[in-house]
1. Residues to consider are 208, 180; find the one that is in a helix (DSSP H, G or I), open to solvent by 60 Å² or more (accessible area, probe 1.4 Å), acidic (Asp, Glu) and at pLDDT 75 or above.
2. Which of the residues belonging to segment 51-71 are surrounded by 19 or more Cβ atoms within 10 Å (Cβ to Cβ) and without any contact (Cβ under 8 Å) to a residue 60 or more places away in the chain?
3. All but one of (1) open to solvent by less than 20 Å² (accessible area, probe 1.4 Å); (2) at pLDDT 95 or above; (3) hydrophobic (A, V, I, L, M, F, W, C); (4) closer than 24 Å to residue 104 by Cβ hold for residue 114; which doesn't?
4. Is it the case that residue 21 is aromatic (Phe, Trp, Tyr) and either in a loop (DSSP other than H, G, I, E, B) or closer than 27 Å to residue 132 by Cβ (or both)?
5. Mind listing whichever residues of segment 40-71 are assigned to a strand (DSSP E or B) and either small (Gly, Ala, Ser) or over 19 Å from residue 146 (Cα atoms) (or both)?
6. Can you tell me which residues in segment 18-50 are open to solvent by 40 Å² or more (accessible area, probe 1.4 Å) and closer than 16 Å to residue 124 by Cα?
7. Select from segment 78-98 the residues that are touching a Pro at 6+ places or on another chain (Cβ under 8 Å), hydrophobic (A, V, I, L, M, F, W, C) and open to solvent by less than 70 Å² (accessible area, probe 1.4 Å) and list them in ascending order.
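The values are calculated or read from the model by the stated rules, or taken from the named source; none is laboratory data. This one's a predicted model, so the numbers in the text were calculated from it and none came from an experiment. Here the Cβ positions follow ideal geometry from the backbone for every residue, glycine too, while neighbour counts run over all protein chains shown. Accessible surface areas use protein heavy atoms only, side chains included; no ligands, DNA or RNA. Shrake-Rupley method; radii C 1.70, N 1.55, O 1.52, S 1.80 Å.
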Amino acid sequence: THAVTRGLNPDAPMRDSGVKWLGEIPEHWRLWKLGHLAQVGNGSTPKRDNLSYWSNGTIPWLNSSVVNHDVVPPAEFFVTDQAIKECHLPLVRPNSVLIGITGQGKTRGMAVLLGYPSTINQHMAFISPDLKRLDPTYLRSLLDACYSYLRNISDGSGGTKGALTCEAVSKLRIPLPPLDEQQAIVRRIESLSTAIDRLAKAARCSWDLLTERRSALISSAVTGATEVPYA
C-alpha cells in the first residue's frame, strides 16, 4: 500500500493530495477522477426461467463472489447472445478490474483483475482502463489500498446505503504516475508480496513444529516418560 500511494523513491518531493485516503503523494503525480481514465459500468441477471438466456450459453457470466479471489476463477454460468442483447449485459474485456458494489459482508469494495472476456451481474462494477494511461494491475492495487474508504462512502454519503454506485466509482480520485512508474510499482508490490508469502510459510512451519513439540511435552508429562521426544 505504501508503494502504491507514496511511490518508489522515499526522498522524492511530496505534496498533499487533498484526498483523504491518500495523504501525501510525489509532486510529479497527477490526480484524476477514475471515470476520466476508464469505462465504468455494471451488469444484470437475466431471468433464470427464460431458457433462451441460459441454455447452451457460451459467454461467461460472473457473480460478485469472484471478487473474493486473488484471480477470477473459471466461470460456472454462461449466457447466450440473446441475453447480451436483451438484458443490457456488458461485454467486459480482459484487463478490466471487477469490484463488488453491494452487500454487508467483505465483498463490497473488494476488487479483482479479470483475465478473460465475460459479462457480470448487477452486484459488481467493471472498470476497463485506458491501457495507454492506466496499468490494470496498478489500478487493482489502488482499489485494494482504498478498500476502507470505499466501504465508508458506501455506508454514508457518496453512495446508496450499503452499496457503491458506478457514479461513486467514476468519481473516485486516484493518483496517476507515469505508466512506466506504475509498472515499476506493480513489480515492487509483487516482490514484497513474494517475500511476505515466504515469511508466512516459514511462520506456519515454525508454528506446526511448536505445536508438535507442545503435544509431545504434554504426552510425556501425562505418561511419565523419562525421555522427552524431540528434545
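1. Matching residue, one of 208, 180: 180.
2. Answer for segment 51-71, where residues must be surrounded by 19 or more Cβ atoms within 10 Å (Cβ to Cβ) and without any contact (Cβ under 8 Å) to a residue 60 or more places away in the chain: 53, 57, 60, 66, 67.
3. Result: residue 114 fails condition (4) only.
4. yes
5. 41, 42, 59, 60, 61, 62
6. Across segment 18-50, the qualifying residues are 39, 42, 45.
7. 79, 83, 87, 89, 92, 97
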